[in-house]
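The next block holds one structure in the form of structure tokens; read it before the comments.
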Amino acid sequence: MIDKQHITNRFVKYVTIDTESDPNNPAFPSTEKQWNLAKVLVKELQEIGMQDVDLDDNCYIMATLPSNVAYEVPTIGFVAHIDTSPDFTGKDVKPQIVENYQGNDIILNKEKNIILSPDYFEDLVQYKGQTLITTDGTTLLGADDKAGITEIVTAMEHLIKHPEIKHGKIRICFTPDEEVGKGAHLFDVEKFGAAWAYTMDGSQIGELEYENFNAASAKVTIKGKIVHPGYAKGKMINAMLIANDYIAALPAEETPEKTEGYEGFFHLHNISGNVEETVLDYIIRDHDFDIFEKRKYLMQKIAFDFNKSIENEIISVEIKDQYFNMKEKITPVMHIVDLVEEVMNEKGITPLIKPIRGGTDGSQLSFKGLPCPNIFAGGHNFHGRFEYVPVESMIKATEVIIGIAEKVSKNYA
């Protein structure tokens, strides 16, 4: 139904446009280069026949596929993001296409001895006989989330070319800056006008998610005192050593590398400082809201107890909430998840319903009044040199979008 070469060409075109976002720039979008892909998408959406194609001043693209039925059908939406993660460079992406993969090691870069191996990335073996798109080992690929964009555009194009497939009104949106946590901040839910939507931003084939972490950031600042080390006894306060004590006071087993499933964590992702001042940057994650609140309290309590023990305000902790578990907003409208599960089963896809160990635009959108579960886009190993996507997974995701549109129409006929 979906032409393999066509969807491959579209994806390759998108990923070779650098759209890396910047967590340190408060502007919208955070990088000017995101406009480059946005303008390409606007032109392409117009060329395939989408209506009301709009690129606003903040780099949000919205477009409409009008209903082709005479009866009332809820407007549904599909959302993906145009930026790629700043965790690893997205400049000069050179995709490599591996036809008829046979479960062997893939040499990404012979010169630098960079190998994508199923001995380490076990998921590779489930794609034997398929076509994989990989990196050349020096950049990320950008399947997160240009696979999602590719699937949405291809699905809309297919529906336009096949009016015999009945559907209601469909709205699509491509957002900037999702990777730096701002993708939904200026999303105009009222303008979008959908009853519900889906982000095409999951990983492996079959993923269907409506739960995600509650999330917060924490900045721990330790103030020390520098004096000559030869005469420091009773006078020097080494902020770096106190930072070590603070880190050790948190549960050692509750870190990202030691947790899975519904287990939350404290993640120390940056340390900077010297004797006089040291800063620890954490993120706090948990699916359970009460435990999430206890995690935040514990970080404050460790600082309070230490300060009290020395009768000095040396440690301060600043915590900021980032996003919350969308399960609260999706559970009352579970039919929008059940519908996708039905479509996947009809397409021969085994639904993998599991919690997201991260965040998504869908979480923030759900709390802004647009219930928005997450559907697989097909990629693996996001945010790094070992990222890859099976073309067949992108085709299946495209078919799921088309199937959702058709099923919603049938359900309201």
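Overview of values
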quantity: Net +/- balance of residues flanking residue 329 in space, Cβ distance below 15 Å, scoring K and R +1, D and E -1; calculated: -2
quantity: Under the Karplus curve 6.51 cos²θ - 1.76 cosθ + 1.60, θ = phi - 60°, whole-Hz ³J(HN,Hα) for region 204-211, x wherever Gly or Pro sits; calculated: 5, 3, x, 4, 9, 10, 9, 10
quantity: Sulfur and carbon atoms: percent of accessible area, region 219-346 [1.4 Å]; calculated: 53 percent
quantity: HN-Hα J in Hz across region 390-399 - Karplus 6.51, -1.76, 1.60, θ = phi - 60°, x for Gly and Pro; calculated: x, 4, 4, 5, 5, 5, 5, 5, 4, 5
quantity: Scattering curve values for the chain, log₁₀ I(q)/I(0), Debye with Cα scatterers, q = 0.10, 0.11 Å⁻¹; calculated: -0.72, -0.85
quantity: Per residue accessible area of the chain, 1.4 Å probe, in Å²; calculated: 44 Å²
quantity: Inverse mean reciprocal Cα-Cα distance (Kirkwood Rh) of region 183-272, Å; calculated: 18.2 Å
quantity: Centre separation in Å (Cα based) which lies between region 218-248 and region 287-322; calculated: 19 Å
quantity: Local electrostatic count at residue 380 - Lys and Arg +1, Asp and Glu -1, tallied over other residues with Cβ under 10 Å; calculated: -3
quantity: Note, ³J(HN,Hα) from phi for region 39-51, Karplus 6.51, -1.76, 1.60, rounded to Hz, x at Gly and Pro; calculated: 5, 4, 5, 4, 4, 5, 4, 5, 5, 7, x, 6, 9
quantity: C-alpha center-to-center spacing [region 323-343, region 56-71] in angstrom; calculated: 22 Å
quantity: Value in Å of the Kirkwood radius, where region 341-398 supplies the Cα pairs that are averaged; calculated: 13.3 Å
quantity: Cut-off 19 Å (backbone N to label point 7 Å along Cα→Cβ of residue 57), residues of region 185-207; calculated: 185-192
quantity: Dimensionless Rg/Rh of region 35-82 - Kirkwood Rh, Rg from C-alpha atoms; calculated: 1.02
quantity: Around residue 67: net Lys/Arg minus Asp/Glu count, Cβ-Cβ under 10 Å; calculated: +1
quantity: Protection proxy ranking, peptides 371-377, 193-199, 147-153, average beta carbon neighbours within 10 Å, highest first; calculated: 147-153, 371-377, 193-199
quantity: Residue 255 paired with residue 92, simple spin-label distance in nm, labels 7 Å along Cα-to-beta-carbon; calculated: 3.4 nm
quantity: Whole-percent carbon and sulfur share, accessible surface of region 73-114, 1.4 Å; calculated: 44 percent
quantity: Nearest-20 debye value, region 72-112 charge dipole, Cβ charges on Lys, Arg, Asp, Glu; calculated: 220 debye
quantity: For residue 377, residues with placed amide H under 5 Å, excluding near neighbours; calculated: 201, 202, 203
quantity: Sequence-separation-based contact order of region 14-137, relative, with Cα cut under 8 Å and 6+ spacing, percent; calculated: 24 percent
quantity: Dipole of region 269-413, positive direction: furthest Cα of 382, 371, 349, with charges on the beta-carbon; calculated: 349
quantity: Protein-only accessible surface order, largest first, of 388, 71, 210 at 1.4 Å; calculated: 71, 210, 388
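The values are calculated or read from the model by the stated rules, or taken from the named source; none is laboratory data. All figures in this text were calculated on a predicted structure; none of them were measured in a lab. FYI the Cβ positions are ideal-geometry reconstructions off the backbone, even for glycines, and counts take in every protein chain you see. Calculation scope for accessible area: heavy atoms of the full protein, side chains included, ligands and nucleic acids excluded. Shrake-Rupley method; radii C 1.70, N 1.55, O 1.52, S 1.80 Å.
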